[in-house]
1. Can you find a residue in region 493-506 that is crowded, with 19+ Cβ neighbours inside 10 Å, assigned to a strand (DSSP E or B), within 35 Å of the chain's Cα centre (by Cα) and on the phi < 0 side of the Ramachandran plot?
2. Looking only at strands (runs of 3 or more DSSP E) that fall completely inside region 308-424, which ones have 1 or more residues that are at pLDDT 85 or above, in contact with a Cys (Cβ under 7 Å, 6 or more places away or on another chain) and under 17 Å from Tyr296 (Cα atoms)?
3. Would region 403-412 turn up any residue that is touching a Pro at 6+ places or on another chain (Cβ under 6 Å), assigned by TED's automatic domain parsing to the domain that holds Val377, over 30 Å from Gly482 (Cα atoms) and β-branched (Val, Ile, Thr)?
4. Just checking, does region 461-477 include any residue being part of a loop (DSSP other than H, G, I, E, B), at pLDDT 95 or above, under 25 Å from Gly299 (Cα atoms) and out of contact with any Pro (no Cβ under 9 Å at 6 or more places or on another chain)?
5. If you check Thr697 against the conditions, is it modelled with pLDDT of 75 or more and either more than 53 Å from the chain's Cα centre (by Cα) or part of a helix (DSSP H, G or I) (or both)?
6. Test each condition in (1) over 30 Å from Ser332 (Cβ atoms); (2) of a type in the set (Ser, Thr, Tyr); (3) assigned to a loop (DSSP other than H, G, I, E, B) for Tyr454 and report the one that comes out false.
7. Give me a count of the residues in region 666-689 that are among the basic types (Lys, Arg), free of Cβ contacts under 8 Å to residues at least 12 places away in the same chain and either within 18 Å of Leu700 (Cβ to Cβ) or surrounded by 12 or more Cβ atoms within 10 Å (Cβ to Cβ) (or both).
8. Residue under question is Leu172, and the condition is that it be surrounded by 16 or more Cβ atoms within 10 Å (Cβ to Cβ), in contact (Cβ under 8 Å) with a residue 24 or more places away in the chain and in contact with a Gly (Cβ under 9 Å, 6 or more places away or on another chain); does it hold?
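The values are calculated or read from the model by the stated rules, or taken from the named source; none is laboratory data. Fair warning: this is a prediction, and the values are worked out from it, not measured in the lab. When we count neighbours, we look across all protein chains shown, and the Cβ atoms used for this are built from the backbone with ideal geometry, even at glycine.
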Amino acid sequence: MKNKNIKEILFYFSLIFIMVMSLNLAIMDSTGMNLPLVRMAFFTLITTAAVSVILIFPISLLVFLIPGICRILYLYYTDAALINLYVQKILGFFYWLYGYTVGYNNFEPGYSLVFAIMYTAFITLIVSIIVYSGRAGFMLITLGTAVLSFFWFIYVGKARLYLVLYLSASILLYSYQIYKRKLKEWRKAGSSVEYDVGRNWMLCSAIVVSISLILSLALPLNISAVRWPWFNDKVVSLFPFIADWRNDTLESFSYGFNSRYSLSSAGYRSKKLGGEVLLDESVMMTVKTLGEETLYLRGAVKDKYSDNSWSKSSKSYKEYSPGYAMPLPYGSSVTTREAALEITYKKLLTSTIFAPYSVYQVQHSFKRIFADEDSEVYTPKMIMRDEPYTVKSIMPYIDVEKLRQAKTESLGGNEFKVYTALPSDISGRAKTLAWEITKVQNNDYDKVKAIESYLRQNYKYTLKPQKVPSKVEFTDHFLFEGKEGYCTYFATSMAVLLRASGIPCRYVEGFVSRYGGAEVREVRGTDAHAWVEVYFDDYGWVTFEPTPQYPAIELKAAREALQETNIDTQEGTAADSIDRSDMSRRRRDMEIEEGSAAGTANGSEEKRSSHIGNTALFVLLSLLIIRFGFMYLVWAVKEVSLGHSKGRRYAMDYIKDVIWYLRHAGFTIGKEETIREFLKRVKYNYEERFSDISNVTQILEKIRYSDSDVSAEERRLLEVFRKKVKKLALKKAGVLQFFISLYLTGK
């Protein structure tokens, strides 16, 4: 790196920027990060520049470290609380990253910038080390192609474009490395080299590469994903981790680690709200259940509305074993009923467990089941098609009069803020409209019903609404300009109006399962839906339906339901008694937990410490595995290169390899020592082991200085000698040290 001129450095810098930027764009698309392209390009540019300076001038690392360390020490002594806050945020990020990587967590948009900084720095460092080393250009082409092909495999739509950008830079790099090697050989051979050779070489390479890649990009290539369900399921059964990265809904693809359900699987837009929708008529799942009640199957619960889209704030979760009873949110005075459903995915492939509120038990062959604070239930792996799971939900009978008297006092202060939060761009006229609709009501329930009725009566349902203008708030446009839309329009608008009225609510996506005259119901893509849940003490979250295309939900008390249905009273009473007893026990348990806050806090700290340790171990192991894989590829490329090289090039590579092994056996070649003198010294110490060392020396000198080709017999003799040297190095250095030097440090 010390001998590189400014032109070469700028050339390398440009290639690194293009390659890293291509990989960054693929990662952004795969995770769904919503970072501006200009910001990502600027950050990649700065990172590439910083890493380049550090690699070329290692002493410059102190310029970055010393001010940072001084700043941290200053804050530690002047504002230790701020340092602790930063530490907690960092630990929270790595805790989330670990859960996201192994499939526990969704991608959290709030971590987008930190996540981008981390992976950009890592990718830039790896690519820069390879580029500035002047070797392994072909390996860089291979690795980048494999990575971007993987992004195509998980349905990143622009992966082909990113691959073209990446290849244009990496192939030019490889071409330049070939030129540098040739130039070195020409000079050693005493050939005269014209000044324009290098420029002409790279110009021709650039023209050939550009024409090839532009043609490949321009051709009408339309490669569709493999759509053989039996094949996909077989592959996933053999390699389960693949399912965490690939969500096959066949017609509508979504991607990302551990694909959790969203309306995008049925044709809705996955990020920004609004736009025309073409729903999928295909059967997504079947639901086997008794009764004729319409069921709202909850899939994704979101509480953060911002920038015309819904997202999920960070939530804690608990792990359950299959069949284990989950806690219920209802008060002791609430009468409940049980709904048992057998759900089988047909076209849908997701890790989400669908069920009415609130889930009580899940039965399947899963080893682990997770439920978060929003009663959103999921597994760490995809649920395969045609593999049914059984879910039991405990659903409340709701007395409307009691609902009118219910408050929201059991929601904590922070929770209340989360579920009533509105972005700053909500218009004043939207807030005024919320007040006008609810001004005559004196309780939350009647206010909710007033807003629900207003939306159902005054707005039109359509799958082809007007386009929302750019930089216009979504609900404001719907309420006052467009006045037409589908479920996401109605649900979002109702949630905004409720929150403007100070009523805690959240946005839910899932499916509506209607009774069709048979025990087994078919749930199609057209049944994908969004609705609103509102919080009431004792009842928890209650579902409301603002979309006029769907019937309004009738809330019935237990006595009304008993009058309308002919059921086995004795059996029903027994079941209710069991459920109520269990709920009372769980409620007592919750009260005991609240009373022993100190003990819980200690347990929390221990659990947090355990998670921190697990996260640190996970990061360390990941880095070791990445380093091992990289060094293994480096040595594999060297072996292949040595096997195919000829003449003087073969002799030079062979000598470097043997010297490396002998160094680990305790022999270091001197600065003024020739290869003959060095091998003679080795022979003096191990004459019996290396009886053929004289022949090896003669062969190396012959092909090194005459550039004659090596014969098959001579190559065999040299390989036998190299294996002996390798065994000696392994014996002298020890297996562990030799492994570390070979595959980790490379020294």
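1. yes
2. In region 308-424, no matching strands (runs of 3 or more DSSP E) lie anywhere.
3. yes
4. No; the residues of region 461-477 include none that is part of a loop (DSSP other than H, G, I, E, B), at pLDDT 95 or above, under 25 Å from Gly299 (Cα atoms) and out of contact with any Pro (no Cβ under 9 Å at 6 or more places or on another chain).
5. Judged against the criteria, Thr697 is a match.
6. Among (1) over 30 Å from Ser332 (Cβ atoms); (2) of a type in the set (Ser, Thr, Tyr); (3) assigned to a loop (DSSP other than H, G, I, E, B), the lone unmet condition for Tyr454 is (3).
7. Summing the residues that are among the basic types (Lys, Arg), free of Cβ contacts under 8 Å to residues at least 12 places away in the same chain and either within 18 Å of Leu700 (Cβ to Cβ) or surrounded by 12 or more Cβ atoms within 10 Å (Cβ to Cβ) (or both) in region 666-689 gives 1.
8. no
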